[in-house]
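Below is one structure, written out as structure tokens; comments come after it.
The values are calculated or read from the model by the stated rules, or taken from the named source; none is laboratory data. Just so it is clear, the structure is predicted and the values come from calculations on it, not from any experiment. Every residue, glycine as well, gets a Cβ built from its backbone with ideal geometry; the counts of neighbours run over all protein chains shown.
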Amino acid sequence: MDLSVEIAGLRLENPVLAASGTYGYGTEFEDIVNLASLGAVVTKGLSREPMPGNPSPRLFETSAGMLNSVGLQNIGASAFVRTRLPRLRQLGVTVIANVFGETVDDYVAVIEMLNAGEGIAAYELNASCPNTRCGGMVFGTDRELLGQLVAAAKRVSRRPLIVKLSPNVTSIAEMARAAEGAGADALAVANTFLGMAIDAETRRPRFARVVAGLSGPAIKPLALRMVYETRRAVGLPIIGLGGISTAQDAVEFLLAGASAVAIGTTNFWDPKATENVLGGLRQFCLRHGIASLRTLTGALRLSDEIGGEAER
Ligand SMILES: Cc1cc2nc3c(=O)[nH]c(=O)nc-3n(C[C@H](O)[C@H](O)[C@H](O)COP(=O)(O)O)c2cc1C
């Protein structure tokens with residue numbers, strides 16, 4: 001059985017990734033999961049300088065989901081290259097470095113710092129974080145800005161560039177086309193949805209920044225729809241994510257058009273979720289006599305009226 005997939009010219013052993021920001025730098029999970037057995041590990045967002053993140057509380061549990069306002073706390077790109085990357089290489093992990101900045105220059109500087117490190121397979125451009133004042137979602141919700149950012153990143157990148165889109169837009173298809181037009185090699189769909197929680201007793205918002213990012217099973221149908229719309233809009237490979245907790249969920253994302261999937265919030269209650277989903281995918285393929293998992297991508301059965309042909 002062939003579980004391998006291809007994303008942005010990269011051959012991954014299998015389509016199961018650990019999602020950015022829910023898996024630390026990967027090494028935090030080395031005693032729990034065989035990291036080398038995953039398709040890839042996507043690091044926490046890395047910035048030019050270390051970032052302290054937002055004040056606590058940073059997490060709030062909702063019905064079937066979680067709000068977070070971590071605010072990109074991280075050790076910075078060059079510390080990552082120095083202190084974490086060597087261990088990840090030793091462990092044989094396929095590493096995707098998630099890149100964050102407040103300005104285009106920041107993103108470019110981070111990529112240049114990471115270019116110097118050996119053992120990174122690709123970059124994932126976080127153009128979609130909702131938890132910072134500048135950068136992130138500011139880029140991911142404006143076609144022009146997104147195009148400028150992707151083009152600038154692409155110019156300096158010595159590795160394939162995955163662009164992580166924001167779901168906080170009216171048309172994910174338009175944003176996907178903008179990223180494709182500017183040179184993205186693949187897309188990740190999607191980041192967290194803007195949400196909010198209020199403490200009725202104190203009448204105060206739960207988070208200092210008031211709004212926060214919603215993730216987990218609560219967003220799965222929304223993210224699935226966005227993967228489907230993205231697939232119809234562009235020809236780029238898609239990493240689908242948002243609320244995936246089982247192999248069944250993962251198969252749904254593949255059928256909707258993803259070539260790979262990432263597991264995020266589920267890691268918080270099931271740290272072995274990535275391995276479990278991978279095992280479940282193997283079982284699914286066996287049960288359905290599927291020789292190559294790639295054949296599932298976009299294999300959603302649509303009636304003729306809805307239109308089997310993608311509208312590019
Ligand atoms: C606590 C937390 C931190 C996150 N940090 C990042 C980040 O640094 N960069 C990024 O691109 N996405 C980040 N994300 C978004 C996730 O990678 C993922 O896109 C989102 O949570 C949806 O997937 P899920 O429902 O499986 O968690 C973060 C999510 C959570 C819950």
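From the set of residues in the stretch 23-48 that are assigned to a loop (DSSP other than H, G, I, E, B) and buried (at least 24 other Cβ atoms within 10 Å of the Cβ), which is nearest to the ligand (Cβ to nearest atom)?
Gly45
Take the stretch 214-236 and flag every residue that is surrounded by fewer than 24 Cβ atoms within 10 Å (Cβ to Cβ) and out of contact with any helix residue (DSSP H, G or I) (no Cβ under 9 Å at 6 or more places or on another chain).
Within the stretch 214-236, Ala218, Pro221, Leu222 meet the criteria.
Does Val189 satisfy the condition of being buried (at least 22 other Cβ atoms within 10 Å of the Cβ), touching a residue at least 24 places away in the same chain (Cβ under 8 Å) and under 18 Å from the mean Cα position of the chain (by Cα)?
So Val189 fits the description; yes.
Here's the yes/no breakdown for (1) among the charged types (D, E, K, R); (2) under 16 Å from the mean Cα position of the chain (by Cα):
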| position | (1), (2) |
| --- | --- |
| Leu125 | no, yes |
| Pro130 | no, yes |
| Arg143 | yes, no |
| Gln148 | no, no |
| Arg155 | yes, no |
| Pro160 | no, yes |
| Val169 | no, no |
| Ala173 | no, no |
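Say whether the condition of being over 24 Å from Ser56 (Cα atoms) and buried (at least 17 other Cβ atoms within 10 Å of the Cβ) is met by at least one residue in the stretch 193-207.
Scanning the stretch 193-207 turns up no residue that is over 24 Å from Ser56 (Cα atoms) and buried (at least 17 other Cβ atoms within 10 Å of the Cβ).
Just the residues that are surrounded by fewer than 20 Cβ atoms within 10 Å (Cβ to Cβ) and in a loop (DSSP other than H, G, I, E, B), please, taken from the stretch 87-116.
Selection gives Leu91, Gly92, Glu102, Thr103, Ala116.
Between a first residue in the stretch 127-141 that is without any contact (Cβ under 8 Å) to a residue 60 or more places away in the chain and β-branched (Val, Ile, Thr) and a second residue that is surrounded by fewer than 23 Cβ atoms within 10 Å (Cβ to Cβ) and not in a loop (DSSP other than H, G, I, E, B), which pairs have beta carbons less than 8 Å apart while being 6 or more apart in sequence or on different chains?
Val138/Leu145
Of all residues in the stretch 263-277, count the ones that are under 15 Å from Gly240 (Cβ atoms) and out of contact with any helix residue (DSSP H, G or I) (no Cβ under 6 Å at 6 or more places or on another chain).
Residues that pass the stated criteria total 3.
Considering each residue of the stretch 241-259, count those that are touching a residue at least 60 places away in the same chain (Cβ under 8 Å) and either at positive phi or within 13 Å of the ligand (Cβ to nearest atom) (or both), and give that number.
Qualifying residue count, the stretch 241-259: 5.
Would you confirm whether any residue within the stretch 58-71 is under 24 Å from Glu180 (Cα atoms), modelled with pLDDT of 95 or more and not in a helix (DSSP H, G or I)?
No; the residues of the stretch 58-71 include none that is under 24 Å from Glu180 (Cα atoms), modelled with pLDDT of 95 or more and not in a helix (DSSP H, G or I).
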